[in-house]
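Only the coordinates and a few stated rules stand behind these numbers; no lab work does. Nothing here was measured: the structure is a model prediction, and the numbers come from that model. All Cβ positions, glycine included, derive from the backbone under ideal geometry; neighbour counts span all protein chains shown.
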Amino acid sequence: MTSQITVLATGGTIAGIAGSAIAKDYAAGQISIEDYLDQVGGLGLEAEFSGQQIANIDSADIGPKEWNALHPAIMAALNDETCDGVIVTHGTDTLEETAFLLDLTLPANKPVVLVGAMRPADAVGYDGLRNFANAVRVASDPAAAGRGVLVVMGDRVFGARDVRKVRTRGTDAFRGFPRESVALVTPSSLEWFGAPWRTQGGAQFAWCDDLPEVGVVHVHAGLDGQSVGRFIGDTMRGVVIAGVGEGNLPEPVRQELVRRRGEGLLVVRASRADEGLVDREPEDEANGFVAARALNPQKARLLLQLLIANGVSDPAAIQQAFDGS
Ligand code: ASP
């Protein structure tokens, strides 16, 4: 049966142009959704598409403005009974952040799939059409519902909370942690590893179009408390520490954060290590800190922003949300 897929385009390399098949430099976000879907029409996929241009930019520039346009557009598609699934085309650099934010704030009743490319559309070996055809395969499968927002890159399907860009080059730039991937996909096959996990179906958090200010501090040897204090300033409501090892930080930084915690700042400890699991330690209780568990710093930031926006400010309740994420 022919699936009805809504495609929301935001730009990135999947819509990028180099001007030559072998050029190194290129511009992301050049091809319009109409032209893109014209190309896709030649693939013979069993799907009909309706497209909408949300933005056409490099994903380094994606932020609240684009998210505030994207979220209602996805909701409209999910509420449209003729729509079987949604695909969002996106730059790969911040794809994991948009995916995770949407995962936390969308219902899981229909497939929502984010897809990108590592090579621009006119480059030799363009991966964007292959990834897109794979994304159509996933978005057309009713069994993709109940798994939250999914990311399709390089013949793999990742859960939004696991997925991370781990390489700056090459078409195998993504992996998942702690779950590696949740399915293998080609344009004609899809193999899920296990059952859907979002059995409740509803959104976990209400959407907020004005997320509070939360920063990320990247810890390095010799980092001092004063520069961290200056970075936090007067307006941040929370901070995520990309700590060394299992979310560790120099003593002067800990002291500064404990002092700011006394003024109401929320502090989450994550790790700067690629596969950083940060468990709660006894000192977290005394410090008033929260452990990010398996979330990397950029995703921990989004969860903390949503928690604050939804009125959660007690570290124990925030810890519970991170434990469950
Ligand atoms: N800089 C590009 C972007 O994130 C990279 C890509 O899409 O692969 O928009």
Residue ranges of helices (runs of 4 or more DSSP H) in region 249-321 with at least 1 members of a type in the set (A, V, I, L, M) and closer than 23 Å to THR98 by Cα: 297-309
Members of region 292-325 that are hydrophobic (A, V, I, L, M, F, W, C), farther than 19 Å from MET236 by Cα and surrounded by 18 or more Cβ atoms within 10 Å (Cβ to Cβ): ALA294, LEU295, ALA321, PHE322
Pair list, Cβ < 6 Å and 6+ apart or interchain, from region 191-206 residues that are part of a loop (DSSP other than H, G, I, E, B) to residues that are aliphatic (A, V, I, L, M): PHE193/VAL182; ARG198/ALA108; GLY201/ALA108; ALA203/LEU106; GLN204/LEU104; PHE205/LEU104; PHE205/LEU306
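Looking only at region 110-119, decide whether some residue is surrounded by fewer than 21 Cβ atoms within 10 Å (Cβ to Cβ), touching a residue at least 12 places away in the same chain (Cβ under 8 Å) and out of contact with any Asp or Glu (no Cβ under 6 Å at 6 or more places or on another chain). It would help to see each step written out before you state the result.
Of the residues in region 110-119, the ones surrounded by fewer than 21 Cβ atoms within 10 Å (Cβ to Cβ) are 119.
The next check asks that each one be touching a residue at least 12 places away in the same chain (Cβ under 8 Å); those that pass are 119.
Going one step further and asking which of them are out of contact with any Asp or Glu (no Cβ under 6 Å at 6 or more places or on another chain), we end up with none.
For region 110-119, residues surrounded by fewer than 21 Cβ atoms within 10 Å (Cβ to Cβ), touching a residue at least 12 places away in the same chain (Cβ under 8 Å) and out of contact with any Asp or Glu (no Cβ under 6 Å at 6 or more places or on another chain): absent.
Is it the case that some residue within region 63-75 is over 27 Å from ASP209 (Cβ atoms), in contact (Cβ under 8 Å) with a residue 40 or more places away in the chain, surrounded by 13 or more Cβ atoms within 10 Å (Cβ to Cβ) and more than 12 Å from the ligand (Cβ to nearest atom)? Before the answer, list the steps.
As a first pass, look at region 63-75 and keep what is over 27 Å from ASP209 (Cβ atoms): none.
No, there is no match, as no residue in region 63-75 is over 27 Å from ASP209 (Cβ atoms), in contact (Cβ under 8 Å) with a residue 40 or more places away in the chain, surrounded by 13 or more Cβ atoms within 10 Å (Cβ to Cβ) and more than 12 Å from the ligand (Cβ to nearest atom).
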Residue check, ASP172 surrounded by fewer than 24 Cβ atoms within 10 Å (Cβ to Cβ) and either assigned to a helix (DSSP H, G or I) or within 14 Å of the ligand (Cβ to nearest atom) (or both): yes
Residues satisfying the stated conditions in region 78-92, i.e. surrounded by 23 or more Cβ atoms within 10 Å (Cβ to Cβ) and more than 11 Å from the ligand (Cβ to nearest atom): ASP84, GLY85, VAL86, ILE87, VAL88
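Residues to consider are GLY29, GLY125, GLY42; find the one that is surrounded by fewer than 15 Cβ atoms within 10 Å (Cβ to Cβ) and touching a residue at least 12 places away in the same chain (Cβ under 8 Å). Full working, then the answer.
On the way: GLY29 fails: surrounded by fewer than 15 Cβ atoms within 10 Å (Cβ to Cβ); GLY42 fails: touching a residue at least 12 places away in the same chain (Cβ under 8 Å).
Step by step, each of GLY29, GLY125, GLY42 is checked, and only GLY125 is surrounded by fewer than 15 Cβ atoms within 10 Å (Cβ to Cβ) and touching a residue at least 12 places away in the same chain (Cβ under 8 Å).
Could you check, for region 210-224, whether at least one of its residues is of a type in the set (Asp, Glu), in contact with a His (Cβ under 9 Å, 6 or more places away or on another chain) and in contact (Cβ under 8 Å) with a residue 40 or more places away in the chain? Explain how you work it out, then say what you get.
Filtering region 210-224 down to residues of a type in the set (Asp, Glu) leaves 210, 213, 224.
Restricting the remaining residues to those that are in contact with a His (Cβ under 9 Å, 6 or more places away or on another chain) gives none.
No, the conditions are met nowhere in region 210-224.
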Among (1) in a loop (DSSP other than H, G, I, E, B); (2) of a type in the set (Gly, Ala, Ser); (3) within 14 Å of the ligand (Cβ to nearest atom), the one test that GLY146 misses: (3)
The listed residue being in contact with a strand residue (DSSP E or B) (Cβ under 7 Å, 6 or more places away or on another chain) and more than 10 Å from the ligand (Cβ to nearest atom), out of LEU95, LEU114, LEU104, LEU129: LEU114
